[in-house]
Amino acid sequence: MKRYETYGPVSWMKAFGVNIVAAAGGDATQVVLTNKDKTFSQQGWTYFIGPFFRRGLMLLDFEEHMFHRRLMQQAFTRPRITGYLEHVASVAAEGVKAWETGTFHVYPRMKQLTLDIAGAVFMASALGNEKDALNKAFVATVRAGTSMIRFAVPGGRWNAGLQGRKLLEDFFRRNVPAKRASDSNDLFSGLCHAQAEDGEAFSDDDVVNHMIFLMMAAHDTSTITTTAAAYYLGKHPEWQDRVRAECAAAGPGPLDIDALEGLRDLELVIKESLRLVAPVPSLARKTVRETEILGHYVPANTMIALGPWVNQMLPEYWSNPAHFDPERFSEERREDKAHRYAWMPFGGGAHKCIGMHFGMLEVKTLLHEMLTRYKWSVPQDYKVRWDSTALPAPSDGLPVSLQPL
Ligand code: HEM
């Protein structure tokens, strides 16, 4: 934000050992995400997470990306999502029910729970007794992406990530034949059975690569969103009471997709939490040729960083931007319409989050479980600090006082 205020929407910066053009504000964002001449590639992400998430959907470009995205879309149809939600509901209910009351650290517990959910949604029963090893491998790949030492040192984060990737590859590859042979209501099956009109389907390697990326894309983002919402509800008891009443009226879980979509007040809270804490605060791109952004020259092969979090806090789009005010998303106000890219927690353009709808429903399921079992609060003067070394996480784990209803 300081950079934007000082230098405007387009400026050079140095971060992670590379020169980067920062592009923020609606108009600069629009130039990059509209990507009219296919100038901005996803290779900006490769620097950070390429070795661990290679050939994941977000790392593919242009025609190849379009082809894979269309196929993957078939794993995100309404009937498929309905099937995944059954897994979400049962794991969320079991997990939340078992929470201990008193001082409770939301973030680490939510992270564990969303990882368990991802295991069920993505692989259903395929995990078996390999669950713990797989969870560990998965956590290692995610952590490695933000490692400061970016080569393999024994005992280092990067190395652990590479080993984790190998274990995951091996697991998924071994299980592809069984998943191809029968169809069940998990995402792994969804990818194995996705087929284009001309009969083209994902290869075994594609399925493996997409699964590993999807696990990452789905897990941290929903953890952060749910944690941020829990924080703001802890700070604003009037909103907590309001959404609890709405959740109670919807009945006890499991809620189906229609009931979840009907939780309108909860949706306002989630949207506002996604605005105040963008789970993916920055989007990476790289120019494939020289270009310009709002009249600023940008050479070929330049890393670009977009700033969703900046856009979501700009006073030209939002009234009293730092203030928690879910009603700003209400039909009467719709502040998010101030600019196409004023609110963009799910990105935009060709790579806009494919799991956006499902992610929202997962977060709603988790909050519905929490709200119908507990009430929670944080001290009046408490202000969470978001550690933004990697994706934002509360530096103290977000302690709340959790009480049964
Ligand atoms: C609330 C949670 C979520 C948030 C805030 C979020 C955010 C994002 C963002 C900002 C992007 C765009 C990245 C870019 O343009 O470079 C993205 C892409 C993506 N997300 Fe999500 N995501 C969430 C949940 C999910 C879930 C649950 C899944 C899958 C089950 C998922 C799968 C993906 C995939 C595959 C892409 C790449 C799309 C493409 O390149 O075409 N996300 N997400």
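Taking 25 °C and 0.890 mPa s as conditions, the stretch 190-267 diffuses translationally at an estimated 155 µm²/s according to Stokes-Einstein applied to its Kirkwood radius (Cα pairs).
The phi torsions of the stretch 11-16, fed into the Karplus equation with coefficients 6.51, -1.76 and 1.60 and a -60° offset, translate into couplings of 7, 7, 9, 10, 8, 6 Hz, rounded to whole numbers, with Gly and Pro shown as x.
Antiparallel as a % of all DSSP beta bridges within the chain, to the nearest 5? So the antiparallel bridges in the chain amount to around 85 percent. Legend: translational diffusion of the stretch 165-207 by Stokes-Einstein, Rh = Kirkwood radius over C-alpha pairs, 20 °C, 1.002 mPa s; D = 198 µm²/s. Scanning the chain for long hydrophobic helices, with DSSP H runs required to stretch 15 angstrom or more by C-alpha along their axis and to average at least -1.0 on the Kyte-Doolittle scale, returns 78-97, 106-123, 131-144, 157-181, 204-235, 237-250, 264-276, 356-373. Computed over protein heavy atoms with a 1.4 Å probe, the carbon and sulfur contribution to the accessible area of the chain reaches 54%. Per-peptide packing, taken as the mean over residues of other Cβ atoms within 10 Å, places 172-184, 29-41, 302-314, 193-205 in the sequence 302-314, 29-41, 172-184, 193-205 from highest down. For the chain, the spread of Cα coordinates along the three principal axes comes to 59, 55, 47 Å, biggest extent given first.
Taking all protein chains into account, the per residue accessible area for the chain stands at 44 Å² (1.4 Å probe). Amide H contacts under 5 Å for GLY348: CYS353, restricted to partners 5 or more places along the chain or on a different chain, H placed in the peptide plane at 1.01 Å from N. Computed over the stretch 251-405, the quotient of the alpha carbon radius of gyration and 2.2 N^0.38 Å is 1.22. Equivalent ellipsoid of the stretch 26-86: semi-axes from √(5λ) of the C-alpha gyration tensor, largest first, are 26, 16, 12 Å.
Only helices enter this figure: runs of n ≥ 4 DSSP H residues, each worth -39500 (n - 2.57), summed and divided by the residues of the chain, yield -16500 deg cm²/dmol at 222 nm to the nearest 500. The phi torsions of the stretch 316-332, fed into the Karplus equation with coefficients 6.51, -1.76 and 1.60 and a -60° offset, translate into couplings of 6, 10, 10, 7, 6, x, 7, 8, 6, 8, x, 4, 5, 9, 5, 3, 5 Hz, rounded to whole numbers, with Gly and Pro shown as x. With all pairs of separate Cα atoms included, the stretch 26-131 yields a Kirkwood hydrodynamic radius of 17.3 Å.
Only lysines eight or more places from LYS131 in sequence, or on another chain, were considered; those with a Cα closer than 28 Å are LYS97, LYS111, LYS166, LYS179, LYS364. Among the trypsin sites (Lys or Arg not before Pro) in the stretch 297-346, those located in a DSSP loop and surrounded by at most 12 other Cβ atoms within 10 Å of their own Cβ are ARG333, ARG334. For a straight C-alpha distance cut-off of 16 angstrom, the lysines reachable from LYS383 (same-chain residues fewer than eight places away being disregarded) are LYS235.
The values are calculated or read from the model by the stated rules, or taken from the named source; none is laboratory data. Every value quoted in this text rests on a predicted model; they were computed, and no experiment measured them. Please note: Cβ atoms are built from the backbone with ideal geometry, for glycine as well, and neighbour counts cover all protein chains shown. Ligands, DNA and RNA are excluded from the accessible area calculation, which covers all protein heavy atoms including side chains. Shrake-Rupley method; radii C 1.70, N 1.55, O 1.52, S 1.80 Å.
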